[in-house]
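The values are calculated or read from the model by the stated rules, or taken from the named source; none is laboratory data. Bear in mind the structure is a predicted one, so any value in this text is a computation, not a measurement. Positions of Cβ are generated from backbone atoms using ideal geometry, with glycine treated the same way; all protein chains shown enter the neighbour counts. Areas reflect the complete protein model, heavy atoms only, side chains present, ligands, DNA and RNA absent. Shrake-Rupley method; radii C 1.70, N 1.55, O 1.52, S 1.80 Å.
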Amino acid sequence: MKIAITADNHLTSQDRNSERFTAMEDILHRCVEFEVDILVIAGDLFDHANPNYAEFETLYSEHAPPDLNTFIIPGNHDHNLTGKGFILDDVTVFTKPKVLSLENAEIQILFLPFREGATMGEEIAPFSEELVPHRWVLISHGDWIKGEKYADPYEPGTYMPLSKIDLDSYKPFQVFLGHIHRPSNYERVHYPGSPCPLDITETGLRRFLIFDTQNGKITSHPVNSPILYEEETFLALPLENELAYLESQIKERIHSWSIPEGWEDNVYVRVNVIGYTQNRADILGSVNLHFAPYHFYNQEGPDLSKLNYVDDPDRAHLTRQVKNWVEELNWKTGSLYPGKDQILIEALKVVYGA
Ligand SMILES: [Mn+2]
């Protein structure tokens, strides 16, 4: 049995955000393609508490495979979502915690709708006798707290937390959560992420997940969202081959997006170039050329406001020297340390006095 998981679709109306409906449509098409049996929407299907059920239903009726069963839980945005809003037989909303035992799959699914002020641990506890360790899957909407301790649920900004203690006590096989829009995986905890970005802060390729109960495997599948955002900053240096230096960074960064061929037109990118150059116009030309297959976010064009023109052979020589030193540094990586790029930027501020 194949279970597709999405969340945080944040549908408003076709008028306001047709792109979010298009991303949902793509997921439904992929459900046909992959012969998905169950589609799970782990909260925030709708952006707000008075959703337009009918527009979703129209889309669903047109594109969902006929034998698909869809299970939805409310998230913090659509917390009062109700099954009464849907007239489709194959769409079920769980407004209360519910254990579903899948026939032939030897697996239980616990659906925990978002409940304000609750922790996931509290909501799982009543089912602890019923759930078979390592043979059940959790679907909910909230924050995964990485630490060993419970986070204070009353602390602002924490939504229905799930802790490591909960995982260790109740032993779900896998956990699929809505709420965090960035696609992420932490051991057993998986956020499919928003399938269509809500704004420029939600960068990168979007995805949904498929959990195959046959082999227990989870696969990630890109969503052909009509909007994808990227934001990139490049460092220009007054080297002899400064354009080649910039171009290699740009190529590397675009490659790292992993945008499938033919999706270039979906990408809206914000580009900053900082640093020092001997020719600002050449830099602009190079950026425009390499990003030509994509759109600039908000039609803003690349931001070169922090790119300084320099014409000083001595300082250029120093720049090359410093760049080599930094590159040769045996430097620790990790969030506690500044990256080599940051070190270079700070060093060049000294060289150029700005
Ligand atoms: Mn959300």
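Of Leu304, Leu336, Leu289, Leu329, all but one fail to be out of contact with any strand residue (DSSP E or B) (no Cβ under 8 Å at 6 or more places or on another chain) and at pLDDT 95 or above; the exception is Leu289. Of all positions in region 180-188, none carries a residue that is part of a helix (DSSP H, G or I) and loosely packed, with under 15 Cβ neighbours inside 10 Å.
Could you please let me know if His10 is open to solvent by 60 Å² or more (accessible area, probe 1.4 Å) and within 27 Å of Ser184 (Cβ to Cβ)?
Here the answer is no, as His10 does not meet what is asked.
When region 1-26 is filtered for residues that are β-branched (Val, Ile, Thr) and away from the ligand (no atom under 16 Å from the Cβ), the ones remaining, listed by number, are Ile3, Thr22. Assess whether Asn330 counts as being in a helix (DSSP H, G or I) and either at negative phi or assigned by TED's automatic domain parsing to the domain that holds Ser256 (or both). No, not satisfied. Within the option set Thr58, Thr22, being outside any loop (DSSP other than H, G, I, E, B), open to solvent by 40 Å² or more (accessible area, probe 1.4 Å) and touching a residue at least 60 places away in the same chain (Cβ under 8 Å) holds for one residue only, Thr22.
To keep it simple, each residue is scored yes or no on (1) in a loop (DSSP other than H, G, I, E, B); (2) open to solvent by 70 Å² or more (accessible area, probe 1.4 Å); (3) farther than 17 Å from Thr6 by Cβ; (4) assigned by TED's automatic domain parsing to the domain that holds Lys164.
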{"position": "Ala54", "(1), (2), (3), (4)": "no, no, yes, yes"}
{"position": "Pro65", "(1), (2), (3), (4)": "yes, no, no, yes"}
{"position": "Lys84", "(1), (2), (3), (4)": "no, yes, yes, yes"}
{"position": "Ile87", "(1), (2), (3), (4)": "yes, yes, yes, yes"}
{"position": "Leu138", "(1), (2), (3), (4)": "no, no, no, yes"}
